[in-house]
Amino acid sequence: MVKPEGALTWKDIEIGFMVTEPGSASQYRTGDWRSQKPIFDLEKCIKCGLCYIYCPEGCIRQNAEEDFEADMYYCKGCGICARECPKDVITMVEEEE
Amino acid sequence: MTTKMGIEVSVAIGEAVKLANADVVAAYPITPQTHIVEHLAELVADGELEAVYMPVESEHSAMSACLGTAAVGARTFTATAGQGLELMHEVLYVASSMRLPIVMAVANRALSSPISIWGDHSDAMAVRDTGWIQIFGENGQEVIDNVLCAFRIAEDRRVLLPVMVHLDAFHLTHMVEPITFPEKSKVDQFIPPNEYPLPLDPNKPVTMGGFGPPPIYSEVKWAQEVNLRAAKEVILQVWQEFGDTFGRYYSPVEGYRSEGSRVLLLTMGSFSETAMAAIDKMKSEGKDVGLIKLRLWRPFPFDEIRQAVKDAEVLIVLDRAISFGGPGGPVCSEIKSALYQQERKPKVIGFVGGLGGRDISVAGFEEIVSRGIEISETGSSQEFEIFGVRE
Ligand code: SF4
Ligand code: SF4
């Protein structure tokens, strides 16, 4: 996207509000919706990968150390990962303002 | 070669769609639109029209199919009426918002209940806010000409909007009228191939009908509104060019013996024909009354209406639909709002009549005019009066 949505004027709108740049949804910061964030207590993690499978944003990955972590650009704070983790690794905590 | 023949208007629409080289017809049959799509199905089956005919399971599906075919850049036609138009309702908004140039003939039919297959404008009025261009035909020739113009208008790069061509149930759909069909080669020139600017194409992907959160939705809607209003200029150009090419000229608002008349009657659709006969009779009796015919309903021709009625003292508007619990007829209330801020304006008197296929004769129009003049002098406690209802 050339401009973020909040900066587009009505004259910038493409015909029928079409999106002409493939994959531009990846620029959409769903992290803005979050009011709680997942905190991982990795000591308890058995690396089963259920959090990765259940995350509706697909934003949980294993990092270089093979630890599971959520990408805060996309994590919308739904808490599904915390609910599904069999080892209570993940706790949802309030986002600070 | 130009051909003139006596032909049922619905069948003639099929012929016009063939002349326009439609690529796709997706439709669900409903009285009184049936003959239009039946004829198109025949033309496709007989190989006379090289197009895809998609028989679908409902009008909602018909319009949804049209979205898809228009989105790949296919010239798309459909037709419906009454309940069918209502079943399409939510998809109509999608078609205009996604800027898809679909042409649809609407055989204006009353809405249930009670079930009525006959004509009025309730269906057309219920979709007036869906963002489509809406053109009303007065006779078969107008409908045919406007089906041709509709493809040109819809597909124009400056417009890219869907167009409804309205024709009254039975009074037009099932009439055999003398219709002049223009020469095929001239139609081909008049309606160039459809070059939709951003078609669905795997090699150049686009997303249509995406997500519009609060920071952008208003901008998108305003762009749509500006676009529909600006379409009027293109409609005027297309009508001018059509006239220069084929000899029949159209305008958003047309006067019939209206010049200098103290009293004006305003009608839309097929009733204008009877109203003209009534005006002739009243004129011959020395009555100072003329007729205004409204052809373009969306975008609403504010300037043209103001210009057409500004010198009259009384304007009597006949609607063929009720806005229940509201100001009466939609046409009348929109004309009132168009005139409200004007310094010079006639008194506007609203009538609703011709519901569910009820005829209004020449004598009926005379009655409407004399009652309208009476109300303009004495006033009325009602927002509007209904014509011809038995007490
Ligand atoms: S809170 Fe929801 S969005 Fe965020 S990482 Fe967990 S499952 Fe994914
Ligand atoms: S679900 Fe829990 S235990 Fe399994 S990988 Fe994710 S954090 Fe570790």
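Among the residues of the stretch B:89-108, is any free of Cβ contacts under 8 Å to residues at least 60 places away in the same chain, open to solvent by less than 10 Å² (accessible area, probe 1.4 Å) and either farther than 20 Å from residue B:227 by Cβ or in the same structural domain as residue B:170 (by TED's automatic domain parsing) (or both)? Break it down into steps so the answer makes sense when it comes.
As a first pass, look at the stretch B:89-108 and keep what is free of Cβ contacts under 8 Å to residues at least 60 places away in the same chain: B:89-91, B:93.
With open to solvent by less than 10 Å² (accessible area, probe 1.4 Å) added as a condition, the list becomes B:91.
The next check asks that each one be either farther than 20 Å from residue B:227 by Cβ or in the same structural domain as residue B:170 (by TED's automatic domain parsing) (or both); those that pass are B:91.
Scanning the stretch B:89-108, I find at least one residue that is free of Cβ contacts under 8 Å to residues at least 60 places away in the same chain, open to solvent by less than 10 Å² (accessible area, probe 1.4 Å) and either farther than 20 Å from residue B:227 by Cβ or in the same structural domain as residue B:170 (by TED's automatic domain parsing) (or both), so the answer is yes.
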Open item on the list: Just to verify a result, which residue in the stretch A:41-53, among those that are more than 13 Å from ligand 1 (Cβ to nearest atom) and open to solvent by 70 Å² or more (accessible area, probe 1.4 Å), is farthest from the other protein chains (Cβ to nearest Cβ)?
Closed with: A:43
TODO: Give A:56, A:86, A:22 a once-over and let me know the one that is out of contact with any Cys (no Cβ under 6 Å at 6 or more places or on another chain), part of a loop (DSSP other than H, G, I, E, B), more than 11 Å from ligand 1 (Cβ to nearest atom) and away from every other protein chain (no Cβ under 14 Å).
DONE: A:86
Open item on the list: Can you go through B:216, B:191 and tell me which one is open to solvent by less than 20 Å² (accessible area, probe 1.4 Å) and within 14 Å of another protein chain (Cβ to nearest Cβ)?
Closed with: B:216
Task: Qualifying positions in the stretch A:25-40 - within 14 Å of ligand 1 (Cβ to nearest atom) and either not hydrophobic (A, V, I, L, M, F, W, C) or not in a helix (DSSP H, G or I) (or both) - done: A:28, A:29, A:30, A:31, A:32, A:34, A:35, A:36, A:37, A:38, A:39, A:40
Open item on the list: Would you confirm, using the coordinates I've provided, whether residue A:64 is more than 14 Å from chain B (Cβ to nearest Cβ), open to solvent by 40 Å² or more (accessible area, probe 1.4 Å) and either away from ligand 1 (no atom under 13 Å from the Cβ) or out of contact with any Lys or Arg (no Cβ under 6 Å at 6 or more places or on another chain) (or both)?
Closed with: yes
Task: Pick from the stretch B:220-244, criterion more than 19 Å from the chain's Cα centre (by Cα) and open to solvent by 50 Å² or more (accessible area, probe 1.4 Å), ranking: farthest from the other protein chains (Cβ to nearest Cβ) - done: B:244
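Among the residues of the stretch B:176-192, what is the count of those that are touching a residue at least 60 places away in the same chain (Cβ under 8 Å) and within 11 Å of residue B:152 (Cα to Cα)? Steps first, answer last, please.
Within the stretch B:176-192, the first condition is being touching a residue at least 60 places away in the same chain (Cβ under 8 Å), and the residues that meet it are B:176-184, B:186-188, B:191.
Now narrow it down to the ones that are within 11 Å of residue B:152 (Cα to Cα): B:187-188, B:191.
So the count comes out to 3.
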- [ ] Look at the stretch A:16-59 and say how many of its residues are within 16 Å of ligand 2 (Cβ to nearest atom) and free of Cβ contacts under 8 Å to residues at least 40 places away in the same chain.
- [x] 14
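The values are calculated or read from the model by the stated rules, or taken from the named source; none is laboratory data. Everything quoted here is computed from the prediction, not taken from an experiment. Neighbour counts are summed over all protein chains in view; Cβ atoms, including those assigned to glycine, are modelled from backbone coordinates with ideal geometry. Side chains are part of the model used for accessible areas, which takes the heavy atoms of the whole protein and leaves out ligands, DNA and RNA. Shrake-Rupley method; radii C 1.70, N 1.55, O 1.52, S 1.80 Å.
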